[in-house]
Amino acid sequence: QQEGKQPFKTAMRSLILVLALLGCAHAQDECHPRQFEYDSVVCVCDSTYCDQPGIIEFPAEGSYTAVTSSRDGLRFNVETLPVSSEEDPGAVEVTLDRGNTIQTMIGFGGAFTDATGINVNSLPTEAQDLLLRSYFAPEGIGYNLCRIPIAGCDCSTRPYSYDDVEGDVELEYWSLTEEDYQYKIPLILQAQELSSQEIKFFGSPWSPPSWMKTNGMFNGSGELLKEMWQPWSEYFVKFVDAYEEQGIPLWGLTPQNEPLSGFQDWRWNTCGWTAEDMRDWLKTNLGPTLEAAGMRRLKMMVDDFNRDTLPAYVQPMLEDPDCAQYIDGTAVHWYSDRYVSANVLDETQALDPEKFILYTEACQGYDVEGPLSVMLGSWARAEDYAHYIIESMNHFSTGWVDWNLALDMQGGPNWANNFLDATIIVNAEEGEFYKQPLFYALGHLSKFVLPGAQRISTTTTQSTLDVASFLDTAGGTVVVLLNRDDNELDVSVNDGSGIYVNHRLPAKSLQTILY
């Protein structure tokens, strides 16, 4: 069966979906659903209306709140019910060990790419506001951790850097570009105004100026010329200073997006770094330069590539004390998770347990061409995404940063024609945007697993049930469950305290339980 096109399994499922499309189903009061050709619905937003989950608090003692989204059309459906003093004997067991806390969470979010800004700006002003509220306002899904490309990337309309004057090693002509002033900075400032929490921002470069590279190109196969190691380090300082002067404090950096891609005939912006060269540059140039500028406060995250590079790529850096002193964590991309065991995350964490792991880029649609890049209403993609997000949390990831916050109906713009899917798709011609099932998949974590929460050990007796659990900083418990089965599932959550959360999960559903 093709992804996202499996037939409806039961007549009841069809009935629920029809009711949802008519706006009659109780759970669909807040979503204006529309179905395209895939297995679920998008929620349609425009200048006049957009669904928002609202403020969802932990319930009173003796109760639990269940928030549910499903293939059948539920989107953040909220129920509050009493807990039980007995386990449901026929239910799937979910066992929490509240005494076994593991990593502390940093957050969730997306990237302020040029493509994001172009698409948001293509909407009427009122719709722009509703889109950003959906991500950042308290009534939205609570994004608090966002990536900023340092100059251009593939999700731009052109390849560019902040200093394209050849030979300007003193960086006299360094400057932000129209893309920063039109597409990135205004949206970031608005997100900060909308948010009730601190948003952490980190920068990532795709390519140095082409004249600093061995091949003289933004893309293709090429490395940074060694005589440019210091000018390129100073380029980072200028970026941090420039953005902070605009009112955007930086929290972190990655030294290079996907560094091993620069040894291939890569279609878009890149720069090749061996692990050994990255180690030497960090300890001799970039680390000391940032420290001298008073920027060691920034979290430095190395690798910023798929987990098939782990732990080998970061090992030389973490085992060298002179380099490791400048490293705070390992950044991971999602694109090989289907093929590489999550055990490599455990192995990476074991190299230095004091340093964190964070997923810094992920999206669907990267592995197909043409019209399949964007699948409007695909629950199959949302389920796949949620499965790997939960898996990464259970192997030390402290968060998940999605790629573009918004793309167009083609999955762009993208100067390299690397079209992709996104959590929000903009239809500029109609003045509306569509919240994909992917949006809600991320929201089931981003809205409820807040910075400072601690993951706790969790087990389940059902192979098609994915679970991750967390202790909130205020003492509440957050349990995220993904039912990948085509049938509904009864679960009984037991944390050893003498109370049980007995609940029924719909078929093909994602649920967050708060108590």
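Given a Förster radius of 51 Å and the C-beta distance between Lys226 and Ser85 as r, what FRET efficiency does 1/(1 + (r/R0)^6) yield to the nearest 0.05? Don't jump to the answer; show the numbers that get you there.
On the way: r = 68 Å, r/R0 = 1.34.
After rounding to 0.05, the efficiency reads 0.15.
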Original post:
In whole angstrom, how far apart do the alpha carbon centroids of region 64-116 and region 173-248 sit?
Top reply: 36 Å
Original post:
Using the per-residue mean of other Cβ atoms lying within 10 Å as a proxy for protection, in what order, highest first, do the peptides 376-387, 162-173 fall?
Top reply: 376-387, 162-173
Subject >> In nm, spacing of pseudo-spin labels at Arg297 and Ser47 (7 Å Cα→C-beta vector) >> reply: 4.2 nm
**OP:** With a Förster radius of 22 Å, plug the Cβ-Cβ distance of Tyr339 and Ile102 into 1/(1 + (r/R0)^6) and report the FRET value to the nearest 0.05.
**Re:** 0.30
**OP:** With everything on Cα atoms, drop me the angle between helix 125-136 and the longest principal axis of the chain, reported from 0 to 90° to the nearest 10.
**Re:** 80 degrees
Original post:
How much length, in nm to one decimal, is gained on full extension between Gln315 and Glu178, taken as 0.36 nm per residue of separation minus their Cα-Cα distance?
Top reply: 45.4 nm
Original post:
Lys pairs in the chain, Cα-Cα under 18 Å, at least 8 apart or on separate chains: how many?
Top reply: 14
Original post:
Among Gly216, Ile248, Val237, whose Cα lies farthest out toward the positive end of the dipole of region 182-289, if unit charges sit on the beta carbon of Lys, Arg (+1) and Asp, Glu (-1)?
Top reply: Gly216
Original post:
Label-point separation (nm) for Thr284 and Glu193, each offset 7 Å from Cα along Cα-to-Cβ?
Top reply: 4.7 nm
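For region 100-185, run through the trypsin sites (Lys or Arg not before Pro) and keep only the ones in DSSP coil with at most 15 other Cβ atoms within 10 Å of their Cβ. Spell out each step's value before the answer.
Values: sites: Arg133, Arg147, Lys184; in loops: none.
Listed in order of number, the matching sites amount to none.
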Original post:
Relative contact order of region 258-321: what whole-number percent is it, with Cα pairs under 8 angstrom and at least 6 residues apart?
Top reply: 37 percent
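Rolling a 1.4 Å sphere over the protein heavy atoms, what is the accessible area per residue of region 400-515, to the nearest Å²?
Value returned for region 400-515: 27 Å² of accessible area per residue.
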Original post:
Hey, any idea what % of the chain's accessible area is carbon plus sulfur with a 1.4 Å probe?
Top reply: 48 percent
Original post:
Between Ala428 and Ala350, what FRET efficiency follows from the Cβ-Cβ distance if R0 is 51 Å, with the result rounded to 0.05?
Top reply: 0.60
**OP:** State the Cα centre-to-centre distance between region 389-446 and region 448-490 in whole Å.
**Re:** 22 Å
Subject >> Glu61 versus Glu276: modelled label distance in nm, points set 7 Å from Cα along the beta carbon direction >> reply: 6.2 nm
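Could you sort 333-344, 410-421 so that the peptide with the highest average Cβ count within 10 Å comes first and the rest follow in order?
Working: 333-344: 16.0, 410-421: 20.7.
Highest to lowest by the protection proxy: 410-421, 333-344.
If each residue of separation counts as 0.36 nm, what is the full-extension length gain between Asp164 and Ala242 once their alpha-carbon separation is subtracted? Write down the numbers at each step before the final one.
Details: separation 78, 0.36 × 78 = 28.08 nm, distance 1.70 nm.
Contour length minus the Cα-Cα distance gives 26.4 nm.
Please give the contour-minus-distance gain from Ser457 to Gln35: 0.36 nm per residue of separation, less the Cα-Cα distance, rounded to one decimal in nm.
Length gained between Ser457 and Gln35: 148.1 nm.
The values are calculated or read from the model by the stated rules, or taken from the named source; none is laboratory data. Computed from a predicted model, the values in this text were never measured in an experiment. Neighbour counts are summed over all protein chains in view; Cβ atoms, including those assigned to glycine, are modelled from backbone coordinates with ideal geometry. Only protein heavy atoms, including side chains, enter the accessible area calculation; ligands, DNA and RNA are left aside. Shrake-Rupley method; radii C 1.70, N 1.55, O 1.52, S 1.80 Å.
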